[in-house]
Amino acid sequence: MVVGRALFGVLYRVTVVGRGRVPKVGPVVFVANHAGFLDGPMLPALAPRPTSVLVKREMFKGPLGAFLTFIGHIPVTRNSSDRQARTAAVAILQAGGAVGIFPEGTRGRGDVATVQQGAAWLAQQGQAQVVPVAFLGTRATGATKGSLPRPGARMVVEFGEPIELPLDPHLTGRQRLAAASGTLREALATHVRESEQRHQVFLPADDGRQGADAEA
């Protein structure tokens, strides 16, 4: 984490806010918006606790794949129910660790218009607190999804207050998961919007679709 913070601090003007809001012990699921390539490496580098991030399986090749495995990241097959990845993530949470996930499922505007249900499922299964994380400035309007910000660009990473997901015993399992996912989406989207206003650093106006082939 120290190396990552130093590296990002040299290349960019990164402001990190709210690290003290993150629970120091117990299982935590970091849920973050996803607009730029740097969101993935910045989350574990800047989080106040060691964090295993779910990363698309295609990245686990060659030296990069060996490094991702070494630092404890979890390969996941996107757009599928990856039982192996889910089991690994839940095991970390049940041991009191932290897991990072981008519930939008892919890079876009980062406005959290929709989320997949995997993040809420992990929190429920791991009995974890959920901490929303806002990434701002990691992709400029007009830049492709796989591009890097220009050197010296201003970026903000803000950790929010932990949120509680609803666990209404009168609902079916599917209904509870849907309700929890809705609560998670609204909390993360609100956190991102409020962070934009606080710091005056804004999401890109487009979804970077022209860079889809470079997406990670």
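Looking at segment 85-110, I want the residues that are on the phi > 0 side of the Ramachandran plot and modelled with pLDDT under 95 and have a partner that is surrounded by fewer than 19 Cβ atoms within 10 Å (Cβ to Cβ) and not small (Gly, Ala, Ser) with Cβ atoms under 9 Å, at least 6 apart or on another chain. Which pairs are those?
Close Cβ pairs (under 9 Å, with a partner that is surrounded by fewer than 19 Cβ atoms within 10 Å (Cβ to Cβ) and not small (Gly, Ala, Ser)) amount to Gly105/Arg78; Gly105/Asn79; Gly105/Thr114; Gly105/Gln116.
Taking the residues in segment 166-182 that are among the aliphatic types (A, V, I, L, M) and out of contact with any Lys or Arg (no Cβ under 9 Å at 6 or more places or on another chain) as candidates, determine which candidate is nearest to Leu38 (Cα to Cα). Talk me through it step by step, then tell me what you get.
Within segment 166-182, the first condition is being among the aliphatic types (A, V, I, L, M), and the residues that meet it are 167, 171, 177-180.
Remaining after also requiring out of contact with any Lys or Arg (no Cβ under 9 Å at 6 or more places or on another chain): 171, 177-180.
Working: Leu171: 38, Leu177: 29, Ala178: 29, Ala179: 30, Ala180: 27 Å.
So the residue we want is Ala180.
In segment 86-113, which residues are surrounded by 22 or more Cβ atoms within 10 Å (Cβ to Cβ), closer than 30 Å to Asp206 by Cβ and out of contact with any Phe, Trp or Tyr (no Cβ under 8 Å at 6 or more places or on another chain)?
Across segment 86-113, the qualifying residues are Phe102, Pro103, Glu104, Gly108, Val112.
Determine, yes or no, whether Phe60 is of a type in the set (Phe, Trp, Tyr), under 24 Å from Trp121 (Cβ atoms) and free of Cβ contacts under 8 Å to residues at least 40 places away in the same chain.
Values: of a type in the set (Phe, Trp, Tyr): yes; under 24 Å from Trp121 (Cβ atoms): yes; free of Cβ contacts under 8 Å to residues at least 40 places away in the same chain: yes.
Yes.
Where in segment 1-63 are the strands (runs of 3 or more DSSP E), entirely inside, with at least 3 residues that are under 14 Å from the mean Cα position of the chain (by Cα)?
On the way: elements: 13-17, 28-32, 51-56.
Ranges flagged: 28-32, 51-56.
Report every pair of residues separated by at least 6 positions or lying on different chains whose Cβ atoms are under 6 Å apart, first residue within segment 145-173 and surrounded by 17 or more Cβ atoms within 10 Å (Cβ to Cβ) and modelled with pLDDT of 90 or more, second assigned to a loop (DSSP other than H, G, I, E, B) and acidic (Asp, Glu).
Listed by first residue and then by second, the contacts come to Lys145/Glu215.
Any residue in segment 54-61 that is among the acidic types (Asp, Glu) and buried (at least 18 other Cβ atoms within 10 Å of the Cβ)? So that I can check it myself, show each step before the final result.
Our first condition is that a residue be among the acidic types (Asp, Glu); within segment 54-61, this holds for 58.
Of the ones still in play, those that are also buried (at least 18 other Cβ atoms within 10 Å of the Cβ) are none.
So far as segment 54-61 goes, no, none of its residues is among the acidic types (Asp, Glu) and buried (at least 18 other Cβ atoms within 10 Å of the Cβ).
Looking for something free of Cβ contacts under 8 Å to residues at least 60 places away in the same chain and either under 22 Å from Val17 (Cβ atoms) or surrounded by fewer than 24 Cβ atoms within 10 Å (Cβ to Cβ) (or both) - is there at least one such residue anywhere in segment 125-133? So that I can check it myself, show each step before the final result.
Step one: filter segment 125-133 for residues free of Cβ contacts under 8 Å to residues at least 60 places away in the same chain, giving 125.
Narrowing further to those that are either under 22 Å from Val17 (Cβ atoms) or surrounded by fewer than 24 Cβ atoms within 10 Å (Cβ to Cβ) (or both): 125.
Scanning segment 125-133, I find at least one residue that is free of Cβ contacts under 8 Å to residues at least 60 places away in the same chain and either under 22 Å from Val17 (Cβ atoms) or surrounded by fewer than 24 Cβ atoms within 10 Å (Cβ to Cβ) (or both), so the answer is yes.
Specify the residue that is farthest from the chain's Cα centre (by Cα); the eligible residues are those in segment 119-144 that are within 21 Å of Phe202 (Cα to Cα) and in a loop (DSSP other than H, G, I, E, B).
The extreme case among them is Gly142.
The values are calculated or read from the model by the stated rules, or taken from the named source; none is laboratory data. In this text the structure is predicted, and so the values were computed from the model without any measurement. Counting neighbours? That spans all protein chains shown, and the Cβs are built from the backbone with ideal geometry, glycine included.
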